[in-house]
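First up is the structure itself, then whatever we jot down about it.
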Amino acid sequence: MNNILVTKEVTKQYGKHLALNKVSLEIPKNSIYGLLGPNGAGKTTLIRIINQITFPDSGEVFFDGEPLKAEHISKIGYLPEERGLYKKMKVGEQALYLAQLKGLSKADANKRLKYWFDRLEIGDWWNKKVQELSKGMAQKIQFIVTVLHEPKLLIFDEPFSGFDPINANIIKDEILLLKEKGASIIFSTHRMESVEELCEYIALLNNSEKILDGKLSDIKKAYKNNIYQIGLEVAHGEALLKELSNKFEISLAKFDAAEGQLDFTLQLPSNDSKEMLAYLSSKANINRFVETIPSANEIFIKNIQDKEVNA
Amino acid sequence: MHKLGLIIKREYLAKVRNKSFVVMTFLSPILMVGMVLLIAYLTKINDNERQVVGVLNESDYFTNDFVGSEGTSYLHFNSISLEAAKDSAAGLGYVGLLHIPNRANLEELAAQSFFYTKDVPSTNILDKIEGVFEDRLRLNRLQELGVSAQDFATMENRFELKTATFKGQKNLKGINEIKAFIGGAFGYLIMMFIIIYGGFVMRSVIEEKTSRIIEVIISSVKPFHLMLGKIIGTSLAGVTQFAIWIVSASLLMLVAFSIFDIDPSALSATSDITNGMTGEMAPQVPTLDKTMQLYAQELYDIPWAMLLTFFVIYFILGYLIYSSIYAAIGAAVDSETDTQQFIFPIILPLMLAIYVGFFSVFSNPHGPIAVGFSLFPLTSPIVMLMRLPGGIGEGGVPIWQVLTSIILLIVTFVGIVWLAAKIYRVGILMYGKKPTYRELWKWLKY
């Protein structure tokens, strides 16, 4: 069993609205899995099904090889996008309560909370009421409560919203550390830069359907279209550019005559770049020859737009 | 189960530690006792005030009839003109002046007597004066008919029809009302509890929605458990509050009575309907002590243990039904201002139960309306409790009716809680929509 979570053709309908249409995913163990998609794509519905907050109309979900059941709740940690705390309850008491609801004993929860509170340097908040805390402070407590029972699977829905950059970095490092310790992580977000940074796998949902999933590096390979950024040291840049543009598609061309520096991007018909390199090296000094790999953001936008054009 | 316990504990503590709860709990008995004392004090002042009636009697009749009684005294004017008497009565601040002209014929005299007052006279005073006239006129007519007063007194004995059940149990008039009143008190308690603590449950659900903690919680526990825990925790807080109220109010009462030197039995004679009714009946019934004993016996015979048991049963079932509806409403809305349209239909059956109880059950505890409403699950906790002090079985509520109402209540309870849990489950995750009934209907099918 290499997958912590598998969904098979999961479908969920709310009245006339189809929220999920036969979504099948495989989430490998000990990985960070990005669940991406625009608003209303069905991400939250899928996450709620995994957390057994709602149930699919059809399809199956397997957790660690077993059909999803109530006992699995204590093995999942979930940080919802819509999150909050009881405002009038004290921080420590509230954290203890939430930890106990996840099945930890009081003594155990107390010990672990002390550890985490020290770790995130918030030990002196224990007896404060939540309404005295700032939004970012409350988020830290929510994060702790989510990971406290050391679940096998962690689900973070927009974990960085509400954090300033410094605290967002602290949380990001903690997430990476949890992964190193063996947890599997589902990460739902719109923030593509954090996807690039963290996710090994992604799935893209749009209009209740999965339109793309797999290893991020594989997807990127599949989506590159042989565009190269090229920088040359050459005396007669214009002539070379003109020659090339007869055969290839060229964009973003810029020639600095004083420095003799020509920069442009060029699309090759295949991913065989040897010929082009040989040709260019015969004409000029190459100081840059880089293949453009599409960003997750570009793949995301391209897919969503393609779907809309087709629809 | 362990998690349910945790939720109940949290909800209970959250409620009990709330400042307004603490203030309400300890302030209410003081306010209540204060009010009772104020009423007692005012009644005492009222009683102490003597009303003086001036009497200008020009006739030979009524020379000894107008003598002072409790609260009223008569002051006789002699040999002055009517105008002068009126002036002095008004000047002395009397409630009025009774003028009895000099006529030989008593009937004529009575017809021409006048009672002059500053404002419209109170019926209390009028009754007293009219009573004196009536007695004198009756005596007069009896003499004309040649009947002696002694003979008439023997006729005066009023007849009271004795009643009993077929099995030979003695019945007492008015006892039904007394019993229904006792049951009504229980029913009223249930209604108040439902409205107050149902509202607390609802607000607590709304609070979880607005603070956005709800999804965090229900990723650990089932929404149904959260709902149930909330209802139970809040009601335990309510029971605590009621217990504190009862204990502290009775303690305060005791202290207050001893300080102000008020005789509690005198107070209860005026305020308590039970005693009021027996008091009213007392003069007409010759064997007063015996009847009183019977009433006491009847009250003593009310099956209190049974009544309390059923109170607990109906209380729990009724409260669970209503508070789960309240929880569903709380889940459906975003803020308390949106709740009005949903709350009215809940309060309606409760009000209906109380009114039906007081109007129909009092007069006829086993009539069709009383039976119907004591079977209908949304009103039965209140109406059935009003009927139950009459006992179960022979002479009381038939066993089948009690069983049917409890079964119906349980079935309704399961059904309503199931429906409420569905609305709750969907509603707690819905934000920004102002729900309509149609919307709620759709949620049931999710």
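Is it the case that some residue within segment A:5-12 is in a strand (DSSP E or B), surrounded by 15 or more Cβ atoms within 10 Å (Cβ to Cβ) and touching a residue at least 60 places away in the same chain (Cβ under 8 Å)? Within segment A:5-12, one or more residues are in a strand (DSSP E or B), surrounded by 15 or more Cβ atoms within 10 Å (Cβ to Cβ) and touching a residue at least 60 places away in the same chain (Cβ under 8 Å). Give the residues of segment A:114-139 that are within 14 Å of another protein chain (Cβ to nearest Cβ) and closer than 29 Å to A:Ile4 by Cβ, sorted by residue number. Matches in segment A:114-139: A:Ala138, A:Gln139.
To keep it simple, each residue is scored yes or no on (1) crowded, with 22+ Cβ neighbours inside 10 Å; (2) assigned to a helix (DSSP H, G or I); (3) among the small types (Gly, Ala, Ser); (4) not assigned by TED's automatic domain parsing to the domain that holds B:Lys209.
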site	(1), (2), (3), (4)
B:Leu317	no, yes, no, no
B:Ile321	yes, yes, no, no
B:Ile329	yes, yes, no, no
B:Asp338	no, yes, no, no
B:Leu348	no, yes, no, no
B:Tyr355	no, yes, no, no
B:Asn364	no, no, no, no
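Restricting segment B:84-114 to residues that are aliphatic (A, V, I, L, M) and part of a strand (DSSP E or B), the residue that is surrounded by the most Cβ atoms within 10 Å (Cβ to Cβ) is B:Leu98.
All of (1) more than 30 Å from B:Thr234 (Cα to Cα); (2) surrounded by 12 or more Cβ atoms within 10 Å (Cβ to Cβ) hold for B:Met32 with one exception: (1).
As a summary of the residue check, B:Arg387 satisfies the conditions (1) surrounded by fewer than 16 Cβ atoms within 10 Å (Cβ to Cβ); (2) over 30 Å from A:Arg48 (Cβ atoms) except for the one numbered (1). The residues of segment B:215-240 that are within 8 Å of chain A (Cβ to nearest Cβ), aliphatic (A, V, I, L, M) and in contact with an Asp or Glu (Cβ under 8 Å, 6 or more places away or on another chain) amount to a single one, B:Ile217. When B:Tyr431 is tested against (1) more than 14 Å from chain A (Cβ to nearest Cβ); (2) closer than 30 Å to B:Met202 by Cα; (3) hydroxyl-bearing (Ser, Thr, Tyr), only condition (1) is not met.
Which of the strands (runs of 3 or more DSSP E) contained wholly in segment A:16-98 include at least 2 residues that are within 13 Å of another protein chain (Cβ to nearest Cβ)?
A:17-28, A:76-79
The test for being more than 27 Å from the chain's Cα centre (by Cα), within 14 Å of chain A (Cβ to nearest Cβ) and crowded, with 20+ Cβ neighbours inside 10 Å holds for B:Arg425. Considering only segment A:221-270, state which residues are of a type in the set (Lys, Arg) and part of a strand (DSSP E or B). A:Lys254 - this is the single residue of segment A:221-270 that is of a type in the set (Lys, Arg) and part of a strand (DSSP E or B).
The values are calculated or read from the model by the stated rules, or taken from the named source; none is laboratory data. Remember, it's a predicted structure, so these values are computed and weren't measured experimentally. When we count neighbours, we look across all protein chains shown, and the Cβ atoms used for this are built from the backbone with ideal geometry, even at glycine.
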